[in-house]
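Notes follow the structure.
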Amino acid sequence: MAEDDGSNPYQHETDQNTRTDWLADQKPVDVDPDGLVDYGRNMVVIQENLQSHGGRLSQLGQLPHRAWEGAALPEGVYVRTQLTLNYAEFQQYLTYLGAALTNIGMAAQTVADAYANTDGWSAASLDAVRFAFGEADAPRPAGLPPFVSGKTWWDQYLETMSSGQANAAPTPEQFVDQGQPRVAPDGSITFTALGPGGVVRTIVQRSLPGGVGTETVTTTTDATGKVLDSSTSRTTTVVTGNSTVVTTTNTDADGRRTGGSRETTSYGVDGGRTVTSEQLDAGDKPTATRIDAQHADGTHTITTTDGTGTVTQELHIGQDTEGVDPAELTDSPAKAALDEIKQHDYGI
């Protein structure tokens, strides 16, 4: 029980909620495995409902950005920052609440598994409950099936943290855009999106000097501000004669090239057009190429090759036609049947 140092205005309530005297007698409990299984399923259903309705709270993160976007007063920017952080903390709370609901359901299932081979109404020691809730000193129930490893959520969490998997950024579809983009005085545009657990993704787009292209910097941070991932994409456009070349170069947080693309559009003197799209590796070598040639006579050829130049797919499209007038269609069973329906009233 927490000691009263005078700083807790709800000390009485805290004492009531954390008292442990009700465990002193260690009375046996009656276990109904079927009831515990249903209870566990209900906990999982509640967790799923919590997760599925979480998106409805997105306005809590969007509205501060909409209220103080652009060149706002310093006080407005401060309020926006605080509200965004509060929303991130609330999202993190909901994440852990969902984990707690799942853990309670799994604990109920573990107790049910421990007594599944009994008559279902045997007097059970509270050790089974203590084991199900992950207490380290609780003995493993004798009737627990071998497939239940006994690894707790906390054990799995520590393993994930030590392996570095927890540092992975969420996938793009897990983010929710936060209001309209912000335009800075230098012309750069900032897009902000929130992900699960208070993760924030920021995308900043700015024009390159001379107006030859754009640079996009994408940064993902966790709820504490730690950078989880960062990348830069630079796109330039060069026009030479009858050709336009658009090149995109991608780099990681350390400035190392990770890949890119190049698209060349060429126009022929006969009115034809050829678009060559290349996917590039870190060494600027093509890994795949797609050539879309639209010829002056109206025919169309699309050729795809791999990194070695081997053709993997080739598609030929003929000239466009004006089509056929429905009145010139030859007789067919389907057309005759439709005409029959149109001419008679079947009372349908």
Residues of region 217-252 satisfying the condition of being of a type in the set (A, V, I, L, M, F, W, C) and touching a helix residue (DSSP H, G or I) at 6+ places or on another chain (Cβ under 9 Å): ALA223, LEU228
Residue in region 311-324 that is part of a strand (DSSP E or B) and within 27 Å of the chain's Cα centre (by Cα) present: no
TYR78 among the aromatic types (Phe, Trp, Tyr) and either outside any helix (DSSP H, G or I) or within 26 Å of the chain's Cα centre (by Cα) (or both): no
Residue list for region 57-75, restricted to those being touching a Pro at 6+ places or on another chain (Cβ under 9 Å) and either surrounded by 14 or more Cβ atoms within 10 Å (Cβ to Cβ) or assigned by TED's automatic domain parsing to the domain that holds ARG182 (or both): GLU69
Index of the failed condition, PRO9 passing every other in (1) at pLDDT 80 or above; (2) farther than 26 Å from LYS226 by Cβ: (1)
Residue count, region 14-57 (criterion: small (Gly, Ala, Ser) and either under 18 Å from ALA112 (Cβ atoms) or modelled with pLDDT of 75 or more (or both)): 3
Answer from VAL238, VAL227, VAL245 - the residue that is more than 30 Å from GLY309 (Cβ to Cβ) and either in contact (Cβ under 8 Å) with a residue 24 or more places away in the chain or of a type in the set (Val, Ile, Thr) (or both): VAL227
Verdict on GLY187 being in a loop (DSSP other than H, G, I, E, B), modelled with pLDDT under 90 and buried (at least 16 other Cβ atoms within 10 Å of the Cβ): no
Which listed residue is surrounded by 15 or more Cβ atoms within 10 Å (Cβ to Cβ) and either over 30 Å from LEU60 (Cβ atoms) or at pLDDT below 90 (or both), from THR216, THR224, THR240, THR235: THR235
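The values are calculated or read from the model by the stated rules, or taken from the named source; none is laboratory data. If you're wondering where the values come from, they're calculated on a predicted model, not measured in any experiment. Cβ: placed from backbone, ideal geometry, glycine included. Neighbour counts: every protein chain shown.
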